[in-house]
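The values are calculated or read from the model by the stated rules, or taken from the named source; none is laboratory data. Here the structure is a predicted model, which is why all the values come from computation and not from measurement. FYI the Cβ positions are ideal-geometry reconstructions off the backbone, even for glycines, and counts take in every protein chain you see.
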Amino acid sequence: AQSVTQLDSQVPVFEEAPVELRCNYSSSVSVYLFWYVQYPNQGLQLLLKYLSGSTLVESINGFEAEFNKSQTSFHLRKPSVHISDTAEYFCAVSAVRGSTLGRLYFGRGTQLTVWP
Amino acid sequence: DTEVTQTPKHLVMGMTNKKSLKCEQHMGHRAMYWYKQKAKKPPELMFVYSYEKLSINESVPSRFSPECPNSSLLNLHLHALQPEDSALYLCASSPRQGMVEQYFGPGTRLTVT
C-alpha cells in the first residue's frame, strides 16, 4: 500500500512571504501525486498533479510542486502568498497499477494560515 | 459541465431517521466515490463504484447503504446512524477507477442528534 506524510500540521506565514508545504510518500509501485486544497466548509479542489513527464508542475494561482523520486517527495511551494491562500492543503498519492488501484491515500493535511 | 454536485448541503437527522445523500456528475465519468471526513482530518474512503457496480467497500457499517442507479448518479442511504457518524460526506468521480485525478463535490455536512 501507499502512505503519505505531511510533516507540518500548521504553517503560519505573513502575506507576501514565500511558503513550502512538505510532503513525502512511501510506495513500492509507481504513483501519481496530487495536492488538493480545502477552504473552510467546502469540498476538496485539485490544486495540481504529477502524472508523468516534467517533474515540476504548476497551478494557475502561482503554486508549484516538484516530484523528487530519489527523496520520494512532492513539496508544494509558492513564492508570495495571499490571505486568500489560507486553507487546508492535502497531499495525496494513487498507485499507477496494482491491487490498490483507485484508492487515494491522503496525508493528514497542513493548515496554511496567512496573516496580514 | 465539469463539476460534481451534492445535495443536500446540510442535513440534521435523528438516530431513528432514514435519509439519503445524493451526488451527481455529468462529465461521463464511470467511477464514483464516497468519502467521510471528520473535522481536521483527511477524507476516508468508504465506497467505490466502477461502471455502476460496487468495486470497493472499506468495511463500512451496514447503516450506510450506497446505490448507483446510473452512470451519473450516486446515492448514500442512511439509517439508524450514531452521533459519531456526524461528518462531512464527500462524493468524487473520475473517468475510470484509478485513472487520473478525482473530482470532488462540495460535500454534505451531516449532523446526527
Does A:Val31 satisfy the condition of being in contact with a strand residue (DSSP E or B) (Cβ under 7 Å, 6 or more places away or on another chain), touching a residue at least 12 places away in the same chain (Cβ under 8 Å), surrounded by 16 or more Cβ atoms within 10 Å (Cβ to Cβ) and within 14 Å of chain B (Cβ to nearest Cβ)? yes
Report every pair of residues separated by at least 6 positions or lying on different chains whose Cβ atoms are under 6 Å apart, first residue within region A:43-67 and under 17 Å from A:Ala95 (Cα atoms), second among the polar types (S, T, N, Q) and at pLDDT below 95. A:Leu48/A:Ser59; A:Phe67/A:Thr55
Sort out which residues of region B:1-33 are aliphatic (A, V, I, L, M) and either part of a loop (DSSP other than H, G, I, E, B) or more than 10 Å from chain A (Cβ to nearest Cβ) (or both), and write them in order of number. B:Leu11, B:Val12, B:Met13, B:Met15, B:Leu21, B:Met27, B:Met32
Looking at (1) within 14 Å of another protein chain (Cβ to nearest Cβ); (2) on the phi > 0 side of the Ramachandran plot, which one does B:Leu45 not meet, given that it meets all the others? (2)
Specify the residue that is farthest from B:Ser93 (Cα to Cα); the eligible residues are those in region B:9-66 that are crowded, with 20+ Cβ neighbours inside 10 Å and among the hydroxyl-bearing types (Ser, Thr, Tyr). B:Tyr35
Given (1) away from every other protein chain (no Cβ under 14 Å); (2) under 12 Å from the mean Cα position of the chain (by Cα), A:Gly107 misses just (1)
Does B:Ser86 satisfy being among the small types (Gly, Ala, Ser), more than 10 Å from chain A (Cβ to nearest Cβ) and farther than 23 Å from A:Ala1 by Cα? yes
Has region A:60-73 got any residue that is modelled with pLDDT of 90 or more, surrounded by fewer than 20 Cβ atoms within 10 Å (Cβ to Cβ), among the β-branched types (Val, Ile, Thr) and touching a strand residue (DSSP E or B) at 6+ places or on another chain (Cβ under 6 Å)? yes
